[in-house]
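Peer 1: I'd like to ask you about the structure that follows.
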Amino acid sequence: MLDSIRREVVEFFGNPSSSHFAGNSSRDSLEHAREKIANALGVSAFSLIFTSGGTEANNMAIFGSELPLICSSIEHSSVFNCEPYEIIPVDENGQLDISYLEKFLSGMSSPKILSVMLANNETGSVLDPNNELAKLKEKYNFLLHVDGVQGFGKILNYKIPEHVDLFSISAHKVHGLKGAGALYVKDGLELANPFSKGGSHEFGMRPGTENQMGILSLAYMTDKIYSDVYHQKRIADIEQKRGLLEFLLKGKAIPNCTKHRILNTSSLYFPDVSDVILFIELLSDEGLCVSGGSACSSGIKRPSRVLSSIFGKDDPRTKGSVRFSLSVDTTEQDIYKAVDIVNKVLNTYKEIENDKR
Ligand code: PLP
């Protein structure tokens with residue numbers, strides 16, 4: 001990918017906003033990228049605004065709507081920290097509590113924006129697997145924003161459905177470069193631009209020269225995900241490797257939220273682990289990178305907000321779960337190696353805990 005986009009960036013070196021020929025060819029390359037991504041998602045090119053990534057796209061959708069925010073309790077912090085007016089709970093599988101949501105919507109006196117992620121980043125759970133939101137959209141007056149950052153590229157052939165008004169994606173979640181993403185805005189929907197002031201780039205919504213290399217990487221990977229049959233097979237094969245991981249760890253770890261989840265994520269509960277930070281550090285020392293259900297800030301260990309909200313703050317699953325993420329590059333050998341490391345670290349962990357007593 002890098003060689004291909006580097007060649008394009010070197011060839012089209014002009015600023016896409018300049019009106020000379022170098023600028024024009026750069027603009028053409030950017031617009032070509034926009035078309036590729038839009039075609040894949042089944043939307044029109046002028047409905048995509050390039051951003052610096054998922055966080056900016058989410059903020060743009062929510063604050064740009066100028067409506068009070070309703071969101072699920074397991075949204076990414078780039079949504080959850082946008083001052084929600086109402087928070088909708090999820091069930092033990094990380095799926096949206098539709099009856100709670102409907103009750104709230106039915107009592108709503110003015111329009112709101114509802115933001116629900118396509119799939120959760122810690123558990124992989126798909127929040128609305130049965131398309132209930134489409135039915136609610138017909139009955140109630142709200143804008144629907146979907147944070148597609150985790151689901152995009154993992155749900156094969158995904159198209160933005162008609163009932164979705166706003167949709168965010170991020171390049172680095174599909175092996176593109178960090179620092180680029182896009183927001184889809186449904187035709188006819190006008191967003192305000194409360195934060196970014198400047199020129200008329202990106203329909204006036206995101207002033208500043210575009211991150212051409214990042215955007216081209218997003219287009220390149222989108223093309224691969226949607227049109228390269230070999231790559232699609234590699235994506236589909238991730239699920240079998242996750243199955244192998246979970247099978248080999250049977251008796252040591254229990255998968256969380258297994259009903260309707262994206263194919264690369266495994267949130268695993270280790271009943272013998274209660275200090276996830278220590279566990280992750282030990283795994284990392286052995287060369288295995290997993291992420292926590294816990295965040296450690298200023299030396300304070302806090303249980304994951306997502307797992308707390310799914311299982312309860314004091315549930316052992318909240319304290320003892322870690323996330324394994326697999327990719328197209330993960331091999332069966334990687335899985336066997338990872339399982340060996342986990343087994344070794346579980347023993348070390350036990351010894352450390354015993355020494356503490
Ligand atoms: N939304 C979800 C579900 C994510 O997982 C992430 C990143 O991890 C983001 C939004 C933010 O995306 P970015 O890192 O491109 O700002």
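Peer 1: Examine segment 99-118 for a residue that is touching a residue at least 12 places away in the same chain (Cβ under 8 Å) and closer than 30 Å to Tyr230 by Cβ, and state whether such a residue exists.
Peer 2: yes
Peer 1: Kindly establish whether Gly181 is within 16 Å of the ligand (Cβ to nearest atom), more than 21 Å from Ser52 (Cα to Cα), touching a Ser or Thr at 6+ places or on another chain (Cβ under 7 Å) and in contact (Cβ under 8 Å) with a residue 24 or more places away in the chain. Steps first, please.
Peer 2: Details: within 16 Å of the ligand (Cβ to nearest atom): yes; more than 21 Å from Ser52 (Cα to Cα): no; touching a Ser or Thr at 6+ places or on another chain (Cβ under 7 Å): yes; in contact (Cβ under 8 Å) with a residue 24 or more places away in the chain: yes.
In short, no.
Peer 1: Out of segment 309-321, which residues are closer than 19 Å to Leu96 by Cβ and surrounded by fewer than 19 Cβ atoms within 10 Å (Cβ to Cβ)?
Peer 2: Of everything in segment 309-321, just one residue is closer than 19 Å to Leu96 by Cβ and surrounded by fewer than 19 Cβ atoms within 10 Å (Cβ to Cβ), namely Gly312.
Peer 1: Which members of segment 315-357 meet the condition of being β-branched (Val, Ile, Thr), over 15 Å from Glu281 (Cβ atoms) and under 25 Å from the mean Cα position of the chain (by Cα)? Walk me through it before giving the result.
Peer 2: Let us first name the residues in segment 315-357 that are β-branched (Val, Ile, Thr), namely 318, 322, 328, 330-331, 335, 339, 341-342, 345, 348, 352.
This time we only want the ones that are over 15 Å from Glu281 (Cβ atoms), so: 318, 328, 330-331, 335, 339.
Thr318, Val328, Thr330, Thr331, Ile335 - these are the residues of segment 315-357 that are β-branched (Val, Ile, Thr), over 15 Å from Glu281 (Cβ atoms) and under 25 Å from the mean Cα position of the chain (by Cα).
Peer 1: For the condition crowded, with 21+ Cβ neighbours inside 10 Å and either within 16 Å of the ligand (Cβ to nearest atom) or among the hydrophobic types (A, V, I, L, M, F, W, C) (or both), what is the one hit in Leu268, Leu189, Leu263, Leu248? So that I can check it myself, show each step before the final result.
Peer 2: Values: Leu189 fails: crowded, with 21+ Cβ neighbours inside 10 Å; Leu263 fails: crowded, with 21+ Cβ neighbours inside 10 Å; Leu248 fails: crowded, with 21+ Cβ neighbours inside 10 Å.
The match here is Leu268.
Peer 1: List every residue pair whose Cβ atoms lie under 6 Å apart, where the two residues are 6 or more positions apart in sequence or sit on different chains, the first residue falls within segment 222-250 and is of a type in the set (Asp, Glu), and the second residue, located anywhere, is surrounded by fewer than 16 Cβ atoms within 10 Å (Cβ to Cβ).
Peer 2: Pairs found: none.
Peer 1: Moving on. Please indicate, with yes or no, whether at least one residue in segment 32-45 is touching a Ser or Thr at 6+ places or on another chain (Cβ under 7 Å), at pLDDT 95 or above and not in a helix (DSSP H, G or I). Step through it out loud before you land on a result.
Peer 2: Filtering segment 32-45 for residues touching a Ser or Thr at 6+ places or on another chain (Cβ under 7 Å) gives 36-38, 40.
Subset that is at pLDDT 95 or above: 36-38, 40.
After this cut, where a residue has to be not in a helix (DSSP H, G or I) as well, the list is none.
Looking through segment 32-45, none of the residues is touching a Ser or Thr at 6+ places or on another chain (Cβ under 7 Å), at pLDDT 95 or above and not in a helix (DSSP H, G or I).
Peer 1: Can you list the strands (runs of 3 or more DSSP E) lying wholly within segment 241-357 that have 3 or more residues being at pLDDT 95 or above?
Peer 2: On the way: elements: 265-269, 294-297, 300-303, 321-325.
Result: 265-269, 321-325.
Peer 1: Further question on the same structure: With the requirement that a residue be over 10 Å from Glu56 (Cβ atoms) and under 23 Å from the mean Cα position of the chain (by Cα), what does segment 183-192 give you? Reasoning before the result, please.
Peer 2: Within segment 183-192, the subset over 10 Å from Glu56 (Cβ atoms) is 184-192.
Passing the criteria: Tyr184, Val185, Lys186, Leu191.
Peer 1: For Glu138, state whether it is away from the ligand (no atom under 11 Å from the Cβ) and at pLDDT 95 or above.
Peer 2: yes
Peer 1: Got a sec? Which strands (runs of 3 or more DSSP E) wholly within segment 91-208 have at least 2 residues that are over 29 Å from Pro16 (Cα atoms) and touching a strand residue (DSSP E or B) at 6+ places or on another chain (Cβ under 6 Å)?
Peer 2: In segment 91-208, the matching strands (runs of 3 or more DSSP E) lie at 112-117, 142-147.
Peer 1: May I pose another question? Out of everything in segment 161-175 that is crowded, with 24+ Cβ neighbours inside 10 Å and near the ligand (Cβ under 10 Å from one of its atoms), what residue ends up being farthest from Lys224 (Cα to Cα)? Let's see the steps before the verdict.
Peer 2: Applying the first criterion (crowded, with 24+ Cβ neighbours inside 10 Å) to segment 161-175 yields 166-171.
Add one more test, that the residue is near the ligand (Cβ under 10 Å from one of its atoms), and what stays is 168-171.
Numbers: Ser168: 19, Ile169: 16, Ser170: 15, Ala171: 13 Å.
Taking the candidates together, the pick is Ser168.
Peer 1: Moving on. Cβ-Cβ under 7 Å, sequence separation 6+ or interchain: first residue in segment 148-172 and over 23 Å from Phe46 (Cβ atoms), partner of a type in the set (A, V, I, L, M) and in a loop (DSSP other than H, G, I, E, B). Which pairs?
Peer 2: Listed by first residue and then by second, the contacts come to Gln150/Leu118; Gln150/Ile262; Gly151/Leu118; Gly151/Ile262; Lys154/Ile262; Lys154/Leu263; Ile155/Ile262.
Residue-by-condition table, conditions (1) surrounded by fewer than 19 Cβ atoms within 10 Å (Cβ to Cβ); (2) within 16 Å of the ligand (Cβ to nearest atom); (3) closer than 22 Å to Glu162 by Cα:
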site	(1), (2), (3)
Ala38	no, no, yes
Leu41	no, no, yes
Phe46	yes, no, yes
Phe50	no, yes, yes
Gly53	no, yes, no
Glu56	no, yes, no
Ala61	no, yes, yes
Ser65	no, no, yes
Cys71	no, yes, yes
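Peer 1: Need the failing condition index for Ser99 against (1) within 16 Å of the ligand (Cβ to nearest atom); (2) within 16 Å of Leu133 (Cα to Cα), just the number.
Peer 2: (1)
Peer 1: When residues of segment 73-90 are filtered for being within 15 Å of the ligand (Cβ to nearest atom), of a type outside the set (A, V, I, L, M, F, W, C), within 30 Å of Ile254 (Cβ to Cβ) and part of a loop (DSSP other than H, G, I, E, B), how many remain?
Peer 2: 3
Peer 1: Here is a list of conditions, (1) surrounded by 19 or more Cβ atoms within 10 Å (Cβ to Cβ); (2) at pLDDT below 95; (3) not hydrophobic (A, V, I, L, M, F, W, C), and Asp28 meets all of them except one; can you say which number that is?
Peer 2: Status for Asp28: all satisfied but (1).
Peer 1: Given the conditions (1) more than 23 Å from Gly151 (Cβ to Cβ); (2) assigned to a helix (DSSP H, G or I); (3) not basic (Lys, Arg), which single one is not true for Ser19?
Peer 2: (2)
The values are calculated or read from the model by the stated rules, or taken from the named source; none is laboratory data. Keep in mind that what you see is a predicted model, and the values were worked out from it rather than measured. Ideal geometry is used to build each Cβ from the backbone, glycine not excepted, and the neighbour counts take in all protein chains shown.
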